[in-house]
Amino acid sequence: MEFRQLGHTDIKVSSICLGTMTWGEQNTEAEGHEQMDYSVDMGINFFDTAEMYAVPPKPDTQGSTEEIIGTWFKKTGKRDEIILATKVSGRAPFDWLRDDGSKTEHSRTQIMEAVDKSLARLQTDYIDLYQLHWPN
């Protein structure tokens with residue numbers, strides 16, 4: 001597997017990143033775990049997810065992808081081997097994502113809430129790369 005420097009950091013990521021947006025809707029937890037196991041076996045160390053996954057976004061599956069990654073971290077103990085990227089949702093009518101029922105946006109309050117919830121679902125105390133999923 002080839003690795004590349006992530007921007008101007010000292011972080012090295014695999015040239016292939018594992019996308020996870022279907023876990024919890026189109027794929028089961030077991031299938032997600034199998035895909036992560038296989039990816040690590042193939043040398044992939046970079047996983048991408050988002051607070052709104054699984055897709056299509058809806059209240060009953062929101063956050064399920066991060067939860068599946070979290071259970072895999074707990075089961076395997078491989079959190080320190082993975083560069084983890086997740087994202088906060090931009091302006092959208094997702095009034096079920098925030099505790100106060102407001103629509104999503106890139107305010108400090110909403111970003112902090114999103115980070116805290118992602119950390120809990122992912123069963124980790126850090127995120128390597130945090131991104132804005134789309135513009136506000």
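The values are calculated or read from the model by the stated rules, or taken from the named source; none is laboratory data. Everything quoted here is computed from the prediction, not taken from an experiment. In this analysis, Cβ positions are derived from the backbone assuming ideal geometry, glycine residues included, and neighbour counts consider all displayed protein chains.
Inside segment 76-135, can you point out the residues that are more than 16 Å from Gly63 (Cα to Cα), surrounded by 15 or more Cβ atoms within 10 Å (Cβ to Cβ) and out of contact with any strand residue (DSSP E or B) (no Cβ under 7 Å at 6 or more places or on another chain)?
Matches in segment 76-135: Arg79, Glu105.
Among the residues of segment 31-62, write down those that are touching a helix residue (DSSP H, G or I) at 6+ places or on another chain (Cβ under 8 Å) and over 27 Å from Gly7 (Cα atoms).
Gly32, His33, Ala54
Is it the case, given these coordinates, that Asp10 is touching a helix residue (DSSP H, G or I) at 6+ places or on another chain (Cβ under 9 Å) and among the acidic types (Asp, Glu)?
Against the criterion (touching a helix residue (DSSP H, G or I) at 6+ places or on another chain (Cβ under 9 Å) and among the acidic types (Asp, Glu)), Asp10 does not qualify.
Could you identify the single residue in Ser64, Ser14, Ser39 that is at pLDDT 95 or above, of a type in the set (S, T, N, Q), surrounded by 15 or more Cβ atoms within 10 Å (Cβ to Cβ) and more than 16 Å from the chain's Cα centre (by Cα)?
That would be Ser14, the only listed residue that is at pLDDT 95 or above, of a type in the set (S, T, N, Q), surrounded by 15 or more Cβ atoms within 10 Å (Cβ to Cβ) and more than 16 Å from the chain's Cα centre (by Cα).
Within segment 107-136, take every residue that is assigned to a loop (DSSP other than H, G, I, E, B) and over 17 Å from the mean Cα position of the chain (by Cα) and give me the one that is farthest from Phe3 (Cα to Cα). Lay out the reasoning, then the answer.
Narrowing segment 107-136 to residues assigned to a loop (DSSP other than H, G, I, E, B): 107, 123-128, 133-136.
Checking which are over 17 Å from the mean Cα position of the chain (by Cα) leaves us with 107, 135-136.
Working: Ser107: 34, Pro135: 28, Asn136: 32 Å.
Filtering segment 107-136 for residues that are assigned to a loop (DSSP other than H, G, I, E, B) and over 17 Å from the mean Cα position of the chain (by Cα), the one farthest from Phe3 (Cα to Cα) comes out as Ser107.
Just name the residue that is nearest to Glu66 (Cα to Cα) out of those in segment 3-38 that are touching a Phe, Trp or Tyr at 6+ places or on another chain (Cβ under 9 Å) and among the acidic types (Asp, Glu).
For segment 3-38, the residue satisfying everything is Glu29.
Can you find, within segment 22-73, the residue that is farthest from Leu97 (Cα to Cα) among those that are among the β-branched types (Val, Ile, Thr) and in a loop (DSSP other than H, G, I, E, B)? Talk me through it step by step, then tell me what you get.
Taking segment 22-73 as the starting set, the residues that turn out to be among the β-branched types (Val, Ile, Thr) are 22, 28, 40, 44, 49, 55, 61, 65, 68-69, 71.
Next, from what is left, pick out any that are in a loop (DSSP other than H, G, I, E, B): 22, 28, 44, 49, 55, 61.
On the way: Thr22: 18, Thr28: 22, Ile44: 30, Thr49: 15, Val55: 14, Thr61: 11 Å.
Among them, the one singled out is Ile44.
I want to confirm something. Restricting to segment 1-21 and keeping residues that are aliphatic (A, V, I, L, M) and in a loop (DSSP other than H, G, I, E, B), which single residue is farthest from Ile82 (Cα to Cα)?
Step by step, filter segment 1-21, then rank; the result is Met21.
Please enumerate the residues belonging to segment 79-129 that are closer than 17 Å to Thr65 by Cβ and of a type in the set (Lys, Arg).
Listed by number, the residues that qualify are Arg79, Lys87, Lys117, Arg121.
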